[in-house]
Every structure is written in structure tokens, then in C-alpha cells.
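Asks: Can you keep this structure in mind? I'll have questions shortly.
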Amino acid sequence: MDIVVANESHFKYAQIICDTIAESAKVRGTGIAKRTPEYIMKRLQNGNAIIALDGDKFAGFCYIEVWGNKDFVANSGLIVHPDYRNQGLAKQIKKAVFDLSRKKFPDAKIFGITTGLAVMKMNYELGYKPVTFSELTDDPEFWKGCQTCKNFDILTRTDRKMCLCTGMLYDPNAKKTDPRKIDSKVFQRLKRIKENLFLKKKQK
């Protein structure tokens with residue numbers, strides 16, 4: 001398995017990347033911002049992506065988005081092809097894109113929003129902390145990307161203060177703590193509280 005910084009030679013994988021992301025969201029029943037092949041190719045072209053390949057076969061992907069005059073970067077679109085799941089590949093890709101972000105944008109805060117418990121745990125192990133949306137970028141272009149998510153109405157109802165996603169942030173200037181394993185029940189409880197909160201609001 002090769003896990004490398006993507007480039008223009010990987011354009012041919014743009015469509016399968018988009019299809020795999022969309023299908024995964026459909027299976028999980030979660031909201032997700034839709035990506036187009038053209039959007040993915042821009043990240044491949046500027047070297048802001050990590051791709052995993054098994055020979056010539058697509059195995060996984062994640063890319064970097066830059067926001068707020070390079071004050072913030074997001075690691076987005078983490079996906080592993082179904083044929084390669086449950087092998088620890090997502091964690092390797094996540095670490096690779098995190099390292100690439102730190103190398104290219106050493107002073108930027110790295111953030112992400114996700115509903116996935118596995119991604120939350122990976123983020124935590126890399127040094128991310130759960131935060132409110134107000135601590136993330138205020139760049140309107142980032143939040144515009146949420147418009148294609150089925151939960152976008154929740155984000156707008158709360159004036160972009162919270163949603164079913166959890167915001168997580170890595171601050172390179174924050175005091176470092178020793179990494180430790182996180183009990184998944186912590187994130188499960190957080191997710192359950194959010195879901196119950198918005199379900200009650202919707203029923204009113």
C-alpha cells in the first residue's frame with residue numbers, strides 16, 4: 001500500500017473519490033457536503049491531498065482546505081474504499097494528511113467537523129480538542145460547503161453555532177498534553193445529546 005501526497009497524475013481517481021464519499025454517507029445515513037470531481041482535482045493539483053493506492057487501485061483519500069488567510073486549515077473528505085476498511089488505513093491517512101498540514105502550514109490551526117466517532121477518536125489522538133463552532137474559522141466559504149448537507153437546516157436554525165457535527169481543533173500554540181486513549185462513550189454521549197436536542201426541536 002502506497003500512501004502519498006497526491007498530484008495531477010491522480011486526476012483519474014477524482015470521480016471514484018467523490019462516489020465513495022457519497023456512497024459512504026448514504027450507507028451511514030449521515031449528512032455530508034457533496035464534492036465534485038473538479039473540486040477534488042484542484043486539491044490534487046496543488047498538492048493538498050493524501051491518496052492511498054494498492055497498485056493502481058484506489059484505497060483511500062483525504063485533503064486539506066485552507067481558510068482565513070491561512071490561519072486555519074481543515075483536513076476533510078477522509079474516506080477509505082470498502083475493500084480496504086477495518087485495516088487501520090483511515091488512521092494512517094489521517095496521520096499523513098495531518099503531518100502534511102503541519103509541514104505546509106506550521107502556524108495554522110487545524111480543524112474539522114464530523115459526526116463520525118472513529119474520526120473523533122483519531123483527531124483526539126493527534127491532539128485535537130472538541131470545541132464550539134465559534135472557535136473555528138468564520139470564513140463564509142467554509143460554511144457554504146455545508147449547504148449540500150441534509151442537516152444544513154439545523155446549522156442555520158442555530159445561527160451557525162452548532163449542528164449534529166462536532167467541531168474539533170488542533171492549536172499548534174496550545175499547551176501540549178500527553179496523548180491518551182479516549183473512551184468512545186464520551187463522544188457517543190456527546191452525539192446522543194445533540195441528536196436528542198435537535199429531535200425535540202424538530203418535533204415542536
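Asks: Taking residue 64 and the conditions (1) buried (at least 21 other Cβ atoms within 10 Å of the Cβ); (2) assigned to a helix (DSSP H, G or I), which numbered condition does it fall short on, given that it satisfies the others?
Replies: The one condition residue 64 does not meet is (2).
Asks: When segment 104-131 is examined, which residues are found to be polar (S, T, N, Q) and modelled with pLDDT of 85 or more?
Replies: Within segment 104-131, just 123 meets the criteria.
Asks: Turning to a different aspect of this structure: Looking at segment 1-28, I want the residues that are within 21 Å of residue 116 (Cα to Cα) and in contact (Cβ under 8 Å) with a residue 60 or more places away in the chain and have a partner that is charged (D, E, K, R) and surrounded by 13 or more Cβ atoms within 10 Å (Cβ to Cβ) with Cβ atoms under 9 Å, at least 6 apart or on another chain. Which pairs are those?
Replies: That search, which allows pairs on different chains as well, returns 17/35.
Asks: Which one of the conditions (1) part of a helix (DSSP H, G or I); (2) more than 23 Å from residue 34 (Cα to Cα); (3) among the polar types (S, T, N, Q); (4) at pLDDT below 90 does residue 156 fail to meet, given that it meets all the rest?
Replies: Going through the list (1) part of a helix (DSSP H, G or I); (2) more than 23 Å from residue 34 (Cα to Cα); (3) among the polar types (S, T, N, Q); (4) at pLDDT below 90, residue 156 breaks only (2).
Asks: Hey, another quick one. Kindly indicate which of 162, 120 is hydrophobic (A, V, I, L, M, F, W, C) and surrounded by 21 or more Cβ atoms within 10 Å (Cβ to Cβ).
Replies: Exactly one of 162, 120 is hydrophobic (A, V, I, L, M, F, W, C) and surrounded by 21 or more Cβ atoms within 10 Å (Cβ to Cβ), namely 120.
Asks: Out of all the residues in segment 43-59, is one or more outside any loop (DSSP other than H, G, I, E, B), in contact (Cβ under 8 Å) with a residue 40 or more places away in the chain, surrounded by fewer than 20 Cβ atoms within 10 Å (Cβ to Cβ) and in contact with a strand residue (DSSP E or B) (Cβ under 9 Å, 6 or more places away or on another chain)?
Replies: Yes, segment 43-59 contains a residue that is outside any loop (DSSP other than H, G, I, E, B), in contact (Cβ under 8 Å) with a residue 40 or more places away in the chain, surrounded by fewer than 20 Cβ atoms within 10 Å (Cβ to Cβ) and in contact with a strand residue (DSSP E or B) (Cβ under 9 Å, 6 or more places away or on another chain).
Asks: Working only within segment 132-159, note down all residues that are under 18 Å from residue 109 (Cβ atoms), surrounded by 16 or more Cβ atoms within 10 Å (Cβ to Cβ) and among the β-branched types (Val, Ile, Thr).
Replies: 137
Asks: Given 59, 49, 33, which one is modelled with pLDDT of 95 or more, in contact with a Cys (Cβ under 8 Å, 6 or more places away or on another chain) and over 22 Å from residue 124 (Cβ atoms)?
Replies: Every option except 49 fails the conditions.
Asks: Which residue is surrounded by the most Cβ atoms within 10 Å (Cβ to Cβ), if the candidates are limited to segment 77-103 and must be assigned to a strand (DSSP E or B) and either out of contact with any Cys (no Cβ under 7 Å at 6 or more places or on another chain) or at pLDDT 95 or above (or both)?
Replies: Among those that are assigned to a strand (DSSP E or B) and either out of contact with any Cys (no Cβ under 7 Å at 6 or more places or on another chain) or at pLDDT 95 or above (or both), it is 79.
The values are calculated or read from the model by the stated rules, or taken from the named source; none is laboratory data. All of these numbers come straight from a predicted model, not from anything done at the bench. As a convention, Cβ positions derive from the backbone with ideal geometry for all residues, glycine included, and neighbour counts pool all protein chains shown.
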